[in-house]
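Once you've had a glance at the structure underneath, I'll fire off some questions.
The values are calculated or read from the model by the stated rules, or taken from the named source; none is laboratory data. Keep in mind that what you see is a predicted model, and the values were worked out from it rather than measured. Here the Cβ positions follow ideal geometry from the backbone for every residue, glycine too, while neighbour counts run over all protein chains shown.
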């Protein structure tokens, strides 16, 4: 009888293990969705110095759709997709076609594979940027604060400014590039503008994801602050009823971040030279 009971319990344990494994394999994948609001300040530089306060206000209102954006981050344990909600132009009611050339496209990050895949459209041509994830040497702090129902910890890092906006363009960046090419007196390593990044992450959601380029902390990043931009999470949905699509985009000419930047800078330099030739006629 004792032998029979041991055999029975062994078989029951095996069946329970098989059932548990079957249940686990068929269980829905861990997923989450975070909604972020981004707000940036407008640096008018030398151009703004020649403008009245009324003109500055008008420009800022005209560009409000570039300065205030809403993003959605869908994520699982290993990967995430970050994308902007489409927004109409604040003044004309039309889409901002010029700004779209330099806006962030759909961004896929895989923290396990150290992989970035991002779509970019530039003057009607689609690119598929494939590269490694941006490196952050995070300085972990002990300071905490509450964001919604989540306890968040502070972390900071110093990052090359251009690396955070590699998809964007500025005339100042073009001028710096041209100066480096023509200045034969410069010696040593090139100098880079650096940006101080402060992030707040929550270990209550133990994934290494975050908005935009940011990632690599032991918890979901809910807030990011730089000198000109704040990105703040306003809503989180864990394991939503509808299965989220978290896949890398696959359409467009494949390039690296450096190759994409070279293409954009080359096109803008060409436009600048053509404008100069028309003025000299």
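Yes or no: residue 240 over 14 Å from residue 74 (Cβ atoms) and either modelled with pLDDT under 95 or over 15 Å from the mean Cα position of the chain (by Cα) (or both)?
no
Residues are listed down the side, and each one gets a yes or a no for (1) surrounded by 15 or more Cβ atoms within 10 Å (Cβ to Cβ); (2) in a loop (DSSP other than H, G, I, E, B):
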| residue | (1), (2) |
| --- | --- |
| 222 | yes, no |
| 232 | yes, no |
| 241 | no, yes |
| 246 | yes, yes |
| 249 | yes, yes |
| 254 | no, no |
| 266 | no, no |
| 273 | no, no |
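Failed condition for residue 144, given (1) at pLDDT below 90; (2) outside any loop (DSSP other than H, G, I, E, B); (3) more than 23 Å from the chain's Cα centre (by Cα), with all others met?
(1)
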